[in-house]
Ligand SMILES: [Cu+2]
């Protein structure tokens, strides 16, 4: 798609500049077009490589965890199709929310407070478990399943984190 667009642009540009330079330049229109296509091809290769590099990095950094870190406080969270079951209060510190989807539908787990907004990149499938690590600071957090946020009735509850 990108290559085709560049070829079309290059051809159009070659045609557009050809008449003006016809007299002082003995290159044929065909030669000009070929040169432009070569240049366009090089640019396309560079752009393609940049996308590949970026995608590789993103794939390594952005994968939902499935195992709690050993230095984290483990907290079980059970989400089913009607609500989120988890403690209402927790202590501050590194926390591993072990989120189990006990429902039939797909669900997600989103934790929000000032300066923090995290959720799983991919929904948790029925019967699946994923782990979210958060360094909890004292304060009030909003826990939701963002799956139903558009429908206007998100599964939602509050979490209070003490010292
Ligand atoms: Cu849900």
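The values are calculated or read from the model by the stated rules, or taken from the named source; none is laboratory data. In this text, all values refer to a predicted model and were calculated from it rather than measured experimentally. Here Cβ is always computed from backbone atoms with ideal geometry, including for glycine, and neighbour counts include all displayed protein chains.
Quick grid of which residues meet (1) without any contact (Cβ under 8 Å) to a residue 40 or more places away in the chain; (2) closer than 12 Å to residue 141 by Cβ; (3) more than 17 Å from the chain's Cα centre (by Cα):
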{"residue": "69", "(1), (2), (3)": "no, no, yes"}
{"residue": "80", "(1), (2), (3)": "yes, no, yes"}
{"residue": "83", "(1), (2), (3)": "no, no, yes"}
{"residue": "91", "(1), (2), (3)": "no, no, yes"}
{"residue": "97", "(1), (2), (3)": "yes, yes, yes"}
{"residue": "117", "(1), (2), (3)": "yes, yes, no"}
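Of all residues being within 16 Å of the ligand (Cβ to nearest atom) and outside any loop (DSSP other than H, G, I, E, B) in the range 59-89, which is surrounded by the most Cβ atoms within 10 Å (Cβ to Cβ)? Just the residue, please. Applying the filter and picking the extreme gives 79. Within the range 101-115, being part of a loop (DSSP other than H, G, I, E, B) and in contact with a strand residue (DSSP E or B) (Cβ under 9 Å, 6 or more places away or on another chain) holds for 102, 103, 106, 108, 109, 114.
Is it the case that residue 37 is at pLDDT below 95 and either over 23 Å from the mean Cα position of the chain (by Cα) or surrounded by 13 or more Cβ atoms within 10 Å (Cβ to Cβ) (or both)? Yes: the conditions hold for residue 37.
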